Amino acid sequence: MTDKYVYRISGTDYSGLANCKGAGFIDATYVSKGGAPGGVAFVNACKAVGMSPIANCGNDGVRCPAGADPATFYKNLADMGYQAAGGESCTVEDVTICQQHLTFINYGGEGLAPNQDSYGNLGFPPSSAKGTISYIESYNAPDIFVRDDLFNAMKSARDKGRCPEVGIMIGGWMPVRSDIYIEVAKAYIKAGYKFAGFDLWWGIGTSMWGTVQKWLPAIKEMQAVFPPIDVQLKDRLHK
């Protein structure tokens with residue numbers, strides 16, 4: 001059986017979710033900064049087209065959640081039907097508590113020295129309970145591709161974090177190309193690791209379908225090598 005891979009789209013305007021699903025994307029992430037994500041309306045929109053709803057609420061130095069009790073915050077997201085939550089700018093407490101209610105998604109980035117490694121630099125706990133998945137920022141400052149930092153952080157997410165999914169986060173504003181991401185994914189597999197897929201990420205105020213449209217030529221090239229999976233996160237991780 002041929003392995004298949006995750007394609008996730010992130011943004012805030014989700015009016016084109018059906019088009020994203022038609023382009024091979026299985027997960028959708030609503031991006032906020034420390035606060036409430038898209039609510040039940042976003043969850044229902046994802047359910048209507050068969051995509052996994054995810055909340056990216058930690059971003060650009062603002063933790064997830066900001067000014068709220070983490071246990072209450074993450075439980076509420078789980079009760080709404082979100083399948084994962086997290087982002088960057090999160091703390092060990094956030095990861096630990098989130099995993100008790102739903103899968104934590106680690107975006108490991110913000111130019112963390114010496115690389116994008118949340119486990120080596122921030123001391124994140126290993127994946128447990130509902131688990132942690134890691135999709136690592138492939139850029140820095142803000143449009144420099146950081147191949148080695150990306151690769152090393154991906155290894156750390158698996159070796160130290162024991163994450164069941166480890167993949168590549170692609171900035172939607174970066175030059176549209178597929179070769180550099182395909183190369184890292186192939187190198188990761190060659191090193192003996194299981195590669196999960198790609199997260200095409202753009203932030204607050206961006207259109208999910210608009211980003212996919214921009215990247216569609218490169219996405220098709222990636223999918224020719226790494227065909228898309230059509231299984232939601234909850235079923236991939238918690239069968």
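The values are calculated or read from the model by the stated rules, or taken from the named source; none is laboratory data. What you see is a predicted model, and the numbers here were worked out from it, not measured in a lab. Counting neighbours? That spans all protein chains shown, and the Cβs are built from the backbone with ideal geometry, glycine included. Calculation scope for accessible area: heavy atoms of the full protein, side chains included, ligands and nucleic acids excluded. Shrake-Rupley method; radii C 1.70, N 1.55, O 1.52, S 1.80 Å.
Magnitude of the charge dipole for the chain, about its Cα centre and with charges confined to Cβ atoms of Lys, Arg (+1) and Asp, Glu (-1), is about 620 debye.
For the stretch 95-218, pairs of C-alpha atoms spaced more than 16 angstrom apart make up 60 percent of the total.
The Kirkwood radius of the stretch 174-236, taken over pairs of alpha-carbon atoms, gives through the Stokes-Einstein law at 37 °C and 0.692 mPa s a diffusion coefficient of 249 µm² s⁻¹. Taking 7 Å steps out from each Cα toward its Cβ at V40 and N121 produces label points 3.9 nm apart.
Using the charge dipole of the chain (Lys, Arg: +1 at Cβ; Asp, Glu: -1 at Cβ; taken about the Cα centre), state which of I105, Y7, W215 has its Cα farthest towards the positive end. Projecting each Cα onto the dipole axis, the largest value belongs to Y7.
Specify which labelled value, from [x] 21.7, 71; [y] 15.9, 47; [z] 17.4, 52, agrees with Rg and Dmax of the Cα atoms in Å derived from the coordinates of the model shown. Matching entry in [x] 21.7, 71; [y] 15.9, 47; [z] 17.4, 52: [y].
Here the extension length gained between E183 and A71 equals 36.4 nm, from 0.36 nm per residue of separation less the Cα-Cα distance.
What 222 nm value per residue comes from the helices of the chain, counting each DSSP H run with n ≥ 4 as -39,500 (n - 2.57) and dividing by all residues, nearest 500 deg cm²/dmol?
So the helix-based figure for the chain works out to -10500 deg cm²/dmol.
Taking the Cα centre of the stretch 143-235 as origin and assigning +1 to Lys and Arg Cβ atoms and -1 to Asp and Glu Cβ atoms, the resulting dipole is close to 220 debye.
Within the accessible area of the chain, the carbon and sulfur atoms contribute 53%, probe 1.4 Å, all protein chains present. With both labels modelled 7 Å from their Cα along Cα-to-Cβ, the K194 to A48 distance reads 3.4 nm.
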